[in-house]
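To start, the structure under review is shown below, and the notes come after it.
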Amino acid sequence: MARFRYSMQNILNIKLKLETQAKQDFSTAKAALDEEEARLGLLYDRKAEYEQEAGNLLAGRLNLRKIEENKAALRCMEDYIERQQRNVEKASRVLEAATERLKQVRIERRTHETLKEKAFEEFLMEEKRQESKEIDQLTSYTYGQRRNMENPGQKYA
């Protein structure tokens, strides 16, 4: 029996490597987004601490300098949060692009795998046709040999 050889196996191998790379890119983008979101969460926590401190400063004996410092710290935190939100949005867009690329690469790989499966099915059908043809030839030969043995003097008419 002949061996099956897919003529576009090199392309399929490249598609598999591209999918692996796309998975790695997706993983990296996801990790970056998670990190940016964690930073944003920490900034929100710090802002909440400053807000709580502001409430404490206003409840007790008033210290104007500390109140002003706290207001300045809150404004800085809001700026940091705004910047970090932009970073999160940017990381989110990168993740979306990586996700889309991964989907596209998977579709291409699946397409080539389907083509390979169809080529293999064709190969098997051709092998069956070839085997059937050989069986027919063998049967004809055997039948002819038996006929010759039964009628040795008679030539084919």
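Phi-derived couplings, Karplus 6.51 cos²θ - 1.76 cosθ + 1.60 at θ = phi - 60°, listed residue by residue for the range 37-51: 5, 5, 4, 4, x, 5, 5, 4, 5, 5, 4, 4, 4, 5, 5 Hz, with x used for Gly and Pro. Here is the link list: K23/K116; K15/K116; K47/K71. Which ones come out longer than 20 Å on Cα distance? Flagged as over cut-off: K23/K116. The angle between the Cα long axis of helix 64-150 and the main principal axis of the chain comes to about 0°, on a 0 to 90 degree scale.
Summary: within the chain, the longest segment free of trypsin sites (Lys or Arg not before Pro) located in DSSP loops with at most 14 other C-beta atoms within 10 Å is 62-154.
Entry note, the range 43-98: relative contact order of 40 percent, from Cα contacts under 8 Å with a spacing of 6+ residues.
When T114, T28 are sorted by how many other C-beta atoms sit within 10 angstrom of their C-beta, beginning with the fewest, the order is T114, T28. Springs between Cα atoms under 10 Å define the GNM used for the chain, and in it the highest mean-square fluctuation of L95, L62, L16 occurs at L62. Computed over the chain with a Gaussian network model linking Cα atoms closer than 10 Å, the most mobile of D136, D25, D79 is D136.
In this simple spin-label approximation, I14 and Q52 carry label points 7 Å from Cα along the Cα→Cβ vector, and these lie 5.8 nm apart. If the segment from R86 to L64 were pulled out straight at 0.36 nm per residue, it would be longer than the present Cα-Cα gap by 4.6 nm.
Every number here is computed from the coordinates shown, using simple stated rules; none is lab data. Owing to the predicted nature of the structure, the values given are computational and were not obtained by experimental measurement. In this analysis, Cβ positions are derived from the backbone assuming ideal geometry, glycine residues included, and neighbour counts consider all displayed protein chains.
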